[in-house]
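Below is one structure; the comments refer to it alone.
The values are calculated or read from the model by the stated rules, or taken from the named source; none is laboratory data. Because the structure is a prediction, the values reported are computed rather than measured. Quick reminder, even Gly has a Cβ in these numbers, built from the backbone with ideal geometry, and neighbours come from all protein chains shown. Protein only, heavy atoms only, side chains kept; ligands, DNA and RNA dropped before computing areas. Shrake-Rupley method; radii C 1.70, N 1.55, O 1.52, S 1.80 Å.
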Amino acid sequence: LARYRRPEHWGFHPDAPLVRAIPAGSDSRVLLTGPHVSDSALYLAANGCTVTAVGDAPDVIERVMSAAEAVGLASQVTAFASPLTEWAPDGPLTAVVVSPAAFDGLSVTDRARVIEILKRATLDGGVHLVETIVAGHAALSIDELRSQYRGWSISVEPGESAATTFLARKAATAS
C-alpha cells in the first residue's frame, strides 16, 4: 500500500494541484468525474479518502472499480455510471475533482446548476479542482468559473502537460 500512496506511482508530480489540495492521510470524501478518473481515484483512496467516481461512460466506471479491486482499494471507492446532471451527492463532500469532459454538451445553465449542487454539498474549507485547459482547448473559461465561485478563495494552478487547473476553496463560515 505504501507505493500506492506516492503520487509518482500514479503519474502525478508531488506538487500537482490534486496532491497539494487534498492532503494525504486526510479523511476526505472526494467526488471525481471525467474520463480519466482511475489514477486519481486510486491515489486518493490509497491516501485514506473515500472516493466516489461518477461518469456517463459505463466502461470508464467499470475500469475504475476493476482497478480498485486489483490493488485492494475497492472498499474506499464507489462508482456510478450516470451523467453528472443526473447525480447528486448523498452526503457532504470535502473535495470535488472535475474533468472538463464532465461538462461536455451541457448548456451554461446546466453547468451552473451542477456546480451549484456540488458547491452546496461541499463542507467549509473544502476544495473544487476543475481542469480547464487541456491540450490548448479551453473546455470552461476561467471567467465562467470565477463567476460561479464568488465568495470562494480562487487560484489558477499550472498543471502537467499544459493543463491548467482552476482551484476554489470554500470559506469557513463563522459559528
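Couple of notes before you dig in:
- Residue count for segment 135-152, restricted to those that are surrounded by 12 or more Cβ atoms within 10 Å (Cβ to Cβ) and at pLDDT 75 or above: 8.
- Residue among PRO17, PRO23 that is open to solvent by 30 Å² or more (accessible area, probe 1.4 Å) and under 20 Å from LEU123 (Cβ atoms): PRO23
- The residue of segment 26-59 that is modelled with the lowest pLDDT, among those that are more than 13 Å from the chain's Cα centre (by Cα) and open to solvent by 20 Å² or more (accessible area, probe 1.4 Å), is SER26.
- Among residues of segment 92-109 being open to solvent by 30 Å² or more (accessible area, probe 1.4 Å) and of a type in the set (Gly, Ala, Ser), the one that is farthest from ALA121 (Cα to Cα) is GLY105.
- Scanning segment 19-67 for residues that are in contact with a strand residue (DSSP E or B) (Cβ under 6 Å, 6 or more places away or on another chain), closer than 19 Å to ALA168 by Cβ and not β-branched (Val, Ile, Thr) yields ALA21, SER28, ARG29, LEU31, LEU32, SER40, LEU44, CYS49.
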